[in-house]
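Have a look at the structure below before the remarks.
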Amino acid sequence: MMGKSGLLAVMGWRNLWRNPRRTGLILVAVGIGVWSTLSFTALLQAWSASSLQTALIDMTGQGQIHARGYLDNPGVAHRMAPPRASLKALLKRPEVQQWASRVRVPAAIQSAYETLPVSLIGIDPAREQGLSFIATAVSAGQPLASADSPGILLGRELARRLRIKVGQRIVLMSQDANGALAERGFKVNGLFSATRQAEKRYVFVGIRQAQSMLGIGQSITGIAFNLHNINHLSRFLGQLRQVVPKLDVQSWETLRPVAKAVSQLSNSFILMWIFIIFVLMALGIVNTLLMSLHERVRELALLQALGLRPNLIFTQVMMESALVVLLGVVLGMVLAAVTVLAFHNGLNLGFLARGSEWLGAGQVLYPRLNISQFLGIGALIWVLGFTASLLPAWRIVHRVPIEAINRSPS
């Protein structure tokens with residue numbers, strides 16, 4: 001049986017190149033389908049990863065802990081005590097990459113020219129390393145040195161709207177613990193660069209400065225944290241809820257639903273694109289094979305007359321289909337690998353940056369060559385293409401004698 005299979009494979013390979021133009025058309029159709037699928041998949045996953053990373057470093061983290069009611073009414077009325085020993089012990093476990101306590105409340109900022117609404121965030125700068133963008137985002141002036149730093153950080157866009165520069169003073173106003181107006185003047189230490197929304201919305205001060213201004217003692221409004229492996233987040237959230245059952249523990253999926261939707265959409269788009277490519281590819285393969293086999297009816301009838309059984313003719317035809325689809329898949333994978341590697345150092349969206357920011361992604365996408373994914377999608381498309389060849393092969397094999405008789409000279 002192995003000898004017959006080998007002989008049929010050789011015959012199938014030679015038959016492919018009897019009409020190189022037709023074989024080339026199938027190769028191009030399959031290759032373009034595989035290339036577009038793999039390249040599109042890498043691009044969508046880069047977009048999804050960028051959207052998630054942008055959301056996590058935008059003062060969200062992988063998860064947060066708040067007093068109940070804070071997310072509905074984010075003010076000092078829903079503050080919480082600093083973490084106790086049991087919670088600290090859990091947050092200091094090896095799987096936790098970083099965590100930080102914060103004070104975050106709505107506020108208003110006033111310069112000599114403008115008064116604007118902002119989100120006041122009190123931070124400990126040392127604890128924001130690896131957790132949020134602000135640790136490395138200061139592009140003018142000086143970053144906050146410690147939790148006691150007396151200065152303030154503004155976004156470039158906010159500073160432009162306030163017509164304020166580094167070294168000048170502004171007035172910050174918010175509601176204190178007693179419901180009265182709390183206000184304090186700050187010197188602008190520096191300006192940070194981030195997304196447009198972050199630059200317009202956030203102002204940063206040392207966490208102790210925020211606590212003092214708001215009159216809340218050592219209280220905080222929340223804790224943000226990152227794990228080394230985000231896949232362990234669900235289990236860690238369960239442990240947190242057991243340790244602090246009276247607090248509100250939420251993941252980034254709840255805090256940033258847009259980023260979650262982008263991740264789900266990218267997976268849906270990938271499946272949809274594979275389906276579209278399969279339909280187009282199947283139509284091309286079926287039509288081309290039917291044309292090829294109908295031209296070879298007399299040849300196949302002769303083989304059957306010489307004793308080659310119909311099941312072996314069917315096997316030969318399917319081997320031809322398997323080989324040509326396999327070559328097309330390999331061609332598409334090579335082209336996709338070259339395309340992805342060409343943008344391995346980043347795809348700068350340039351003039352599309354504003355739109356990508358609106359969709360939650362960064363300005364630069366980093367497509368990655370995922371070998372297992374390439375092989376998996378390539379194998380899937382090969383199986384689908386091979387399956388699409390079953391109908392024309394079965395049809396022509398069972399109609400060979402009839403077709404041959406009809407075409408024989410009278």
* Asked: Quick one: would you say R14 is modelled with pLDDT under 80, in a loop (DSSP other than H, G, I, E, B) and basic (K, R)?
  -> no
* To do: Pull up region 131-143, narrow it to residues that are touching a residue at least 12 places away in the same chain (Cβ under 8 Å), touching a helix residue (DSSP H, G or I) at 6+ places or on another chain (Cβ under 9 Å) and more than 27 Å from N73 (Cβ to Cβ), then point me to the one that is surrounded by the fewest Cβ atoms within 10 Å (Cβ to Cβ).
  => S139
* Asked: So which residues in region 144-160 are of a type in the set (A, V, I, L, M, F, W, C) and buried (at least 17 other Cβ atoms within 10 Å of the Cβ), if there are any at all?
  -> L144, A147, I152, L153, L154, L158, A159
* Structure fact -> Residues in region 118-130 that are over 20 Å from V166 (Cα atoms) and either in contact with a helix residue (DSSP H, G or I) (Cβ under 8 Å, 6 or more places away or on another chain) or assigned to a strand (DSSP E or B) (or both) total 3
* Residue check: is V76 within 34 Å of the chain's Cα centre (by Cα), modelled with pLDDT of 90 or more, assigned by TED's automatic domain parsing to the domain that holds Y202 and closer than 29 Å to S212 by Cα? -> no
* Asked: charged (D, E, K, R), assigned to a strand (DSSP E or B) and either touching a residue at least 40 places away in the same chain (Cβ under 8 Å) or touching a helix residue (DSSP H, G or I) at 6+ places or on another chain (Cβ under 9 Å) (or both), is that true of R104?
  -> yes
* Asked: Of the residues in region 63-95, how many are in contact with a Phe, Trp or Tyr (Cβ under 6 Å, 6 or more places away or on another chain) and either surrounded by fewer than 22 Cβ atoms within 10 Å (Cβ to Cβ) or within 18 Å of V205 (Cβ to Cβ) (or both)?
  -> 2
* Structure fact -> Scanning region 179-204 for residues that are among the β-branched types (V, I, T) and not in a strand (DSSP E or B) gives T195
* Hey, any hits in region 203-212 for a residue that's touching a Leu at 6+ places or on another chain (Cβ under 8 Å), assigned by TED's automatic domain parsing to the domain that holds I109 and surrounded by fewer than 16 Cβ atoms within 10 Å (Cβ to Cβ)? -> no
* Looking only at residues in region 223-262 that are modelled with pLDDT under 85 and in contact with an Asp or Glu (Cβ under 9 Å, 6 or more places away or on another chain), which one is nearest to I121 (Cα to Cα)? -> A259
* Asked: From the residues in region 169-181 that are touching a helix residue (DSSP H, G or I) at 6+ places or on another chain (Cβ under 9 Å) and at pLDDT below 95, which one is surrounded by the fewest Cβ atoms within 10 Å (Cβ to Cβ)?
  -> G179
* Out of curiosity, is I134 more than 23 Å from F236 (Cβ to Cβ), within 29 Å of the chain's Cα centre (by Cα) and assigned by TED's automatic domain parsing to the domain that holds N189? -> yes
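The values are calculated or read from the model by the stated rules, or taken from the named source; none is laboratory data. Just so it is clear, the structure is predicted and the values come from calculations on it, not from any experiment. Don't worry about glycine lacking a Cβ; one is built from the backbone with ideal geometry, like all the others, and counts go over all protein chains shown.
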